[in-house]
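To start, the structure itself, in C-alpha cells.
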Amino acid sequence: MQRPASPPASGHGPRRGADPSPTVSWQIPRRRRRGVLAGVLLGLTGLSVAGAVVVSTCTLCYAVSTDGTRPLAYIQREDTYQAAVAQVEDQVSHILRQDYAYAQEATMALTIAPKREIQTSSQLTASLMETVDQVQAAYVLTVDGVPVGACASQAAIDQALQAQKDRYTTPFTVEATFANTLGVEEVYLPADTGLLDGGALQARLAQSWDQAGAASAALAAQLPGTWETPPEEGPLLTVRTVEEVTYTQPVDPPVEEVPDAALLLGERQVLQQGTPGLEERTDRVTCTQGVEEARETMSVNRLTQPTPTQVAVGTAQGVEGAQGRFLWPLEGRISSPFGARDLFGSTSLHRGIDIAAPTGTPITAAAQGTVIWSGLRGTYGNLVKLDHGNGFVTYYAHCSQLLVQEGDTVEQGETIALVGSTGRSTGPHCHFEVLWQGELLDPLACLPDSSGGSTIP
C-alpha cells in the first residue's frame, strides 16, 4: 500500500487547480541559467564568514509552485517534477479505478533554498497529491488486519480507541489494553468517501463483527492491497483490564472439637458459638470486556481475630452408645429373644426380639429417624426400617398395617405401624431388630430394663 509522504518542510499549503494538462513554465530562460549560476557563485566569493555558512547549508534549486506565488516544494533536478506527476497519475488512477491525468499548472523558478528542504521524487509526489481534488488523505484503523474505519486524522482514531477503553475502566483500573493487533494506515481515498469522526468510529468499535463486518468489507474494497476477511462473530475490539481492588470480608471462626463420651460416635453438639473476625484484602483482578477472568490475592491484613466455636464430638460406639437412646416400640411380652433358637425343625440365628401383642397394637419409633423402607419384605412380612444416623438402623416386622412411607421423618415415640402376623410368623407380634454399622446388636442391650409389658425375661 502506498502512503502519502509528509508535506514539505516549508509549510506552504497547496492551491488546487483544474487545467486539463500539467504545464510547467520557467521564470528564467535556459540560456541564462549558467550566467545566473556563475553570477551567484561570483557574488558569494566576496562574502564574509557568515556567507560561507550560507554556501554550506543552501543550494541552487528549483522552486515548484502551483498557484504562481508560493513554492509548493523545492527540487534539485528538472526531471523530478515529471517523475512525481507520473507517480501521482498512477496512484490516483488506482484509487479512482479509472484513468487520471494530472491537470494542475505548475511553474518552476531557479532559486536558492536550504538543503534540508529539497524534496525527492516521492516527497514531491505526496505534495502534489494534496492538490488533487478527486482524492482525500485519510487514516484507516485496522483490527487484526481488517480495516474497520477511516478518519480524517490520527487524533480521531486515538479518541475512539480511548473511548472504547473507558467503557470498561473503573476507579480501580490500573491497566487497560487491547487483546487485538491494531494498526493505522495512511492512505488516499476517493473524495466522496465518507470519513468517520471519533464518536462514529467508537460506536463502530463497540459493535460485534456480525454488525460491523459489512462496513469493514466495503472499506477494504476501496483500499489497495489484500486485507484479512472480517470474522463472522465476536466483539470487534476486545478490551482487557487489570484492577486492584481493596475490600473487607468476615473470617469464619475456627472450630475446636472436644471429645464427649455422652454422645454417639459421629454426633456433634455446639457448646459455644464463636464470632467471626474481619480482614482487609487487596486483589488483582483481570477482566475481559468487563467480565472477571482471573483473581490473584496480593495482600491480606487481619483487622480483628475470630473467636473459636467449641463443638462436642461423640466418642461412644456400639451398644455403649446405644444405651438409653432407644425406647420400647410397644408394650408386650418377649416371646422370642435375640440369638440362636430352634424354629421349624432347625437351629438359626434370631436377629432380633419378638414382642407379642394383640393385632392392631400401635408400634412406635424407638428413636427419631428417617423411613428407608415401608413395604412387604419376604419373611419379615410388612416391614418398616428406620435410619437413626450415626450408623444405627432399626427393623419393625410382621405388621398388619404400615402408617409411614419411605422418606418420611419420624420422631421418637411416633406411631409407624400396627401389630400383625404377616410374613413367616406364628402369631401376632412385632419383630424388633437393632443394627449398628451393619452389625446386629441385642436389642435388650439398647433398651430400658422394662417395656412396661407383663413379662420381660
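Readers should treat all values here as calculations from the given coordinates under stated rules, not as data from a laboratory. Every value quoted in this text rests on a predicted model; they were computed, and no experiment measured them. Neighbour counts run over all protein chains shown; Cβ positions are idealised from the backbone, glycine included.
Classify segment 200-317 as rounded, prolate or oblate, taking a ≥ b ≥ c as the square roots of the eigenvalues of its Cα gyration tensor: rounded when a/c is under 1.5, otherwise prolate if a/b is larger than b/c and oblate if not. Verdict is prolate for segment 200-317. Centroid-to-centroid, using Cα positions, segment 145-193 and segment 248-290 are 49 Å apart. With the simple model of a label 7 Å out from the Cα in the direction of the Cβ, Ser56 to Leu303 spans 7.2 nm.
Using θ = phi - 60° in the Karplus curve 6.51 cos²θ - 1.76 cosθ + 1.60, the 3J(HN,Hα) couplings for segment 110-116 round to 5, 7, 10, 9, x, 4, 5 Hz; x is entered for Gly and Pro.
In a DSSP loop and with at most 13 other Cβ atoms within 10 Å, the GluC sites (Glu not before Pro) in segment 69-115 are Glu78. In segment 186-261, the convex hull through the Cα atoms has an average projected area of 12.1 nm², a quarter of its surface area.
A straight chain from Val174 to Ala221 at 0.36 nm per residue would run longer than the Cα-Cα distance by 13.0 nm.
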